[in-house]
1. Taking θ as phi - 60°, what are the ³J(HN,Hα) couplings along region 340-348 by the Karplus curve (6.51, -1.76, 1.60), each to the nearest whole Hz, with x for Gly and Pro?
2. How high is the FRET efficiency from Val4 to Glu84, r the C-beta distance, R0 51 Å, rounded to 0.05?
3. If I model a spin label at Asp361 and Ala178 as a point 7 Å from the Cα along the Cα→Cβ vector, what separation in nanometres do I get?
4. If you average the C-alpha positions of region 160-224 and of region 1-70 separately, how far apart do those two centres end up, in angstrom?
5. Give me the angle, in degrees from 0 to 90, between the Cα long axis of helix 253-263 and the longest principal axis of the Cα atoms of the chain, rounded to the nearest 10.
6. Between Glu268 and Ala51, what's the calculated FRET efficiency when r is the beta-carbon distance and R0 is 22 Å? Round to 0.05.
7. How many percent of DSSP beta bridges within the chain run antiparallel, rounded to 5?
8. Quick check: residue separation of Asp412 and Ala226 times 0.36 nm, minus the Cα distance between them. What number comes out in nm?
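Read-outs throughout are calculated quantities, based only on the coordinates presented, and are distinct from any laboratory measurement. Keep in mind the model is a prediction, meaning the values are calculated, not measured. Note that each Cβ is placed from the backbone with ideal geometry, even for glycine, and that neighbours are counted across all protein chains shown.
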Amino acid sequence: MSLVEINFDGIIGPSHNYAGLSPGNIASANNAGAISQPRAAALQGIEKMRANLRLGLAQGYFLPLDRPNRQWLSGLSTDMTNAEPHIRAAAFSASAMWAANAATVSPAPDTADGKCHLSAANLLTMAHRSHEWTGTLAQLRLAFADERHFAVHAPVPLPYGDEGAANFMRLCPSHGEAGLEIFVYGKTGGPFPARQHLEASKAVARAHQLDPAHTLFIQQSEIAIAAGAFHNDVVAVANERLLFTHEQAFEEPEAAYAAIREKMPEAEIVIVPADRVSLADAVQSYLFNAQLVKLPSGEMALILPTEAQANPRVWGWLEEHVAGNGPIGRLIPVDVRQSMANGGGPACLRLRVVADPATVDPRFIAGEARLDRIADVVTSHWPEAIAPSDLGRPELVEQVQAARTALLSACDLSELA
């Protein structure tokens, strides 16, 4: 079996809007009340997937969830007509597009039973995301249904918040070899909530049958959370032997680096100093919310938002790193402005799964022809623009649901309706 890293991107849903529902997410808060462009957003995400395919990377996708979530509203004894605006917006949220929060994934080489384990995240800290897991779990169980190769787990129960792979990193000699799994948790974050609970991380590690000798739990920096790094992947990212991190990503950085090196001596840690790139610059540019990948040529590349290229301090440091023959040899900016404006960069949009693509339900694997079909549906059915005041309009609800139904049909996944 040939194991490769597959990036499963969340297709940006037709209900994509800027309601500002996520305290601690600076971009989301700053753009609250703005007019979103769901069609342009989804097409930007599709183009990112096309670009990855052209780089020779394996690519999959997840579909938007059913919105508005009438079942969730019913549980709150209301509906779209009568719900208060903030509840209506939470039911309408398209945040499942950020697939990095869908689950935590432990590849087969790391687990005692030799299966790839996936645990759906409960996302309980934020109301608008807390009801995603049912739809996410249904997709995970369908995409990774082959029990010879996968084990899919329900979320960690209350009260322990789990936000998935956005607070998880894996270091390894290569994707197909056993590695070191690093769970990053938060305690406090000043004015903002810490979203990943240590007990949730421990529960996922137990469910995945991980070897404690090859597992670490590291605290996220309280300063970073307070600066807007609501997930660890806003300040650190890893791939194979390389950890690329901001100097202020972890609460006790030197102890964290020492623990990593003790368990994986060959790890290479590249630290971006705060006096060159501040936390504010890192959060604004989403420098670390990038896809750190190895290309078929063997070169390590950073697929990062155009906002990073536009920030002179961030881009200056990156260009120096590349010119100095650092481990990251190529910089690939991508346009995901619509996602960025709501607080999610290239890394937020994808869930990394190390597996043999032949073991995954082929309906979730992307190719150029399939992406063409998806783009056609988006162009024909996705709303062009949504203002927050539109969320209560019955016509918009009908359009959003018809758009998703058309996409499910085009992808031969109508059983998810």
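1. Calculated HN-Hα couplings, in order: 4, 5, 9, x, x, x, x, 6, 4 Hz.
2. Working: r = 46 Å, r/R0 = 0.91.
Efficiency at R0 = 51 Å is approximately 0.65.
3. So the label points at Asp361 and Ala178 sit 3.2 nm apart.
4. Cα centroid to Cα centroid, the span is 23 Å.
5. 70
6. Details: r = 26 Å, r/R0 = 1.18.
After rounding to 0.05, the efficiency reads 0.25.
7. Values: 27 of 52 bridges.
Here the antiparallel bridges make up roughly 50 percent for the chain.
8. Working: separation 186, 0.36 × 186 = 66.96 nm, distance 4.32 nm.
That pair, Asp412 and Ala226, stretches by 62.6 nm at full extension.
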